[in-house]
Amino acid sequence: MQAWTPNLIMPGVAKCGTTTLYDLLVTHPEITGGKEKEVRFLMDEGDDLCREANIRSKGLEGWADEYADGGKGPFKVWLDASPQYQFQKTAFDTIAALDPQPVVVFMFRRPSARLFSLYQYCRYHQGSVPEIESFAQFIDHLRAPTSANFQRQKMLKNGWEDTRFDRCIEKWSGIVAADRLIFTSAEALNADRDAVLAGIAKATGIDPAGFDPDAPRQSNPTVRIKSKWLAKTGGKIARRLPNSGPIRKIKDMAKAYNSGSIDKSEKAENAELLRQLDIEFAPAIAAMQARNLLPQAQ
């Protein structure tokens, strides 16, 4: 008999609104997340973000330990929202072999918008690419052959390929049954979040009326970090604290204190480059439009 496993997994895609969707989902009384929002139990060996508790160290049955109730609480849905799973072979192979399979939800975004968000996150929030001073520079470094600094971070190393959502759709459609696989997008969530949540509720067998209608429209916006030392120190402390509602509010307050505004004019200034990227990612955009994932231009 297969060990208990989460029955709702969000394997991607980073910088596409996964945190916003996660925060909306866990407002439902029948849904719970892990002790950490990103459980990361199915990370590849040697990955920088792989936690000590993983499928190799604890076996499949150890997944339950990453939930406060051990998978035995009064819930119908246990959610693992780990967008890194998109490019993890361990996650792909494990999810493919699960029986029964979980509901798998992918969040996409207009490719050019996703790349721009990734750029702003890396430049203003993460501070991991100090030599990058413009979106054009970022795209040049991201394209193959990816620059050496980008090679050291998987989200950047795979940044270009991960934005080919047509390939992601084809890959995951090959291992997850159609009635268990949901593709949505930041644009779809923004246009009609009730419809997106209702689709997930139907797939997981819960009451679609259970979500909080007053939940914030957006979570985890990109900001400029004022003090990298404070962010690093706070991050170490935060990882030792539970991911409960009150604690998350305290974490959000601390982040807000150490955050400043980013340059809001950059998007308009890069309109032509964004348009060129839309042309370059035309296959990905066509695949999203075929599934009604781009209800409005961004």
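If only one of ASP166, ASP162, ASP140 is out of contact with any Ser or Thr (no Cβ under 6 Å at 6 or more places or on another chain) and under 13 Å from GLN86 (Cβ atoms), which one is it? Outline the logic, then answer.
Details: ASP166 fails: under 13 Å from GLN86 (Cβ atoms); ASP140 fails: under 13 Å from GLN86 (Cβ atoms).
Step by step, each of ASP166, ASP162, ASP140 is checked, and only ASP162 is out of contact with any Ser or Thr (no Cβ under 6 Å at 6 or more places or on another chain) and under 13 Å from GLN86 (Cβ atoms).
Of all residues in the range 24-57, those being surrounded by 15 or more Cβ atoms within 10 Å (Cβ to Cβ), farther than 30 Å from PRO208 by Cα and not acidic (Asp, Glu) number 6. Please determine whether any residue of the range 83-95 is in contact with a strand residue (DSSP E or B) (Cβ under 9 Å, 6 or more places away or on another chain), more than 22 Å from THR5 (Cβ to Cβ) and in contact (Cβ under 8 Å) with a residue 24 or more places away in the chain. Taking every residue of the range 83-95 in turn, none turns out to be in contact with a strand residue (DSSP E or B) (Cβ under 9 Å, 6 or more places away or on another chain), more than 22 Å from THR5 (Cβ to Cβ) and in contact (Cβ under 8 Å) with a residue 24 or more places away in the chain.
No other residue among GLY62, GLY17 is in contact with a helix residue (DSSP H, G or I) (Cβ under 6 Å, 6 or more places away or on another chain) and either open to solvent by less than 10 Å² (accessible area, probe 1.4 Å) or not β-branched (Val, Ile, Thr) (or both) apart from GLY17.
Residue-by-condition table, conditions (1) at negative phi; (2) in a helix (DSSP H, G or I); (3) at pLDDT 60 or above; (4) out of contact with any Lys or Arg (no Cβ under 8 Å at 6 or more places or on another chain):
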residue: ARG240; (1), (2), (3), (4): yes, no, yes, yes
residue: ILE262; (1), (2), (3), (4): yes, no, no, no
residue: LYS267; (1), (2), (3), (4): yes, yes, yes, yes
residue: GLU272; (1), (2), (3), (4): yes, yes, yes, yes
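Condition check ((1) within 17 Å of ALA96 (Cβ to Cβ); (2) assigned to a helix (DSSP H, G or I); (3) open to solvent by 40 Å² or more (accessible area, probe 1.4 Å)) across all residues:
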residue: TRP172; (1), (2), (3): yes, yes, no
residue: VAL176; (1), (2), (3): yes, no, no
residue: LEU189; (1), (2), (3): no, yes, no
residue: VAL196; (1), (2), (3): no, yes, no
residue: ILE200; (1), (2), (3): no, yes, no
residue: ILE206; (1), (2), (3): no, no, no
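Every test in (1) under 30 Å from THR163 (Cβ atoms); (2) surrounded by fewer than 20 Cβ atoms within 10 Å (Cβ to Cβ) is passed by PRO6 save one, and that test is (2).
Every residue in the range 78-116 that is assigned to a helix (DSSP H, G or I), within 27 Å of LYS35 (Cβ to Cβ) and among the polar types (S, T, N, Q), please.
At the first step, the residues of the range 78-116 found to be assigned to a helix (DSSP H, G or I) are 83-87, 89-97, 111-116.
With the extra rule that they be within 27 Å of LYS35 (Cβ to Cβ), the set shrinks to 83-87, 89-97.
Across the range 78-116, the qualifying residues are GLN84, GLN86, THR90, THR94.
Among the residues examined, ASP80 qualifies as touching a strand residue (DSSP E or B) at 6+ places or on another chain (Cβ under 9 Å), surrounded by 22 or more Cβ atoms within 10 Å (Cβ to Cβ), in contact (Cβ under 8 Å) with a residue 24 or more places away in the chain and over 30 Å from ASP278 (Cα atoms).
The values are calculated or read from the model by the stated rules, or taken from the named source; none is laboratory data. From a predicted model like this one, the values you see are computed outputs, not experimental measurements. Every residue, glycine among them, receives a Cβ derived from its backbone with ideal geometry; neighbour counts consider all protein chains shown. For accessibility, only protein heavy atoms count, side chains too; no ligands or nucleic acids. Shrake-Rupley method; radii C 1.70, N 1.55, O 1.52, S 1.80 Å.
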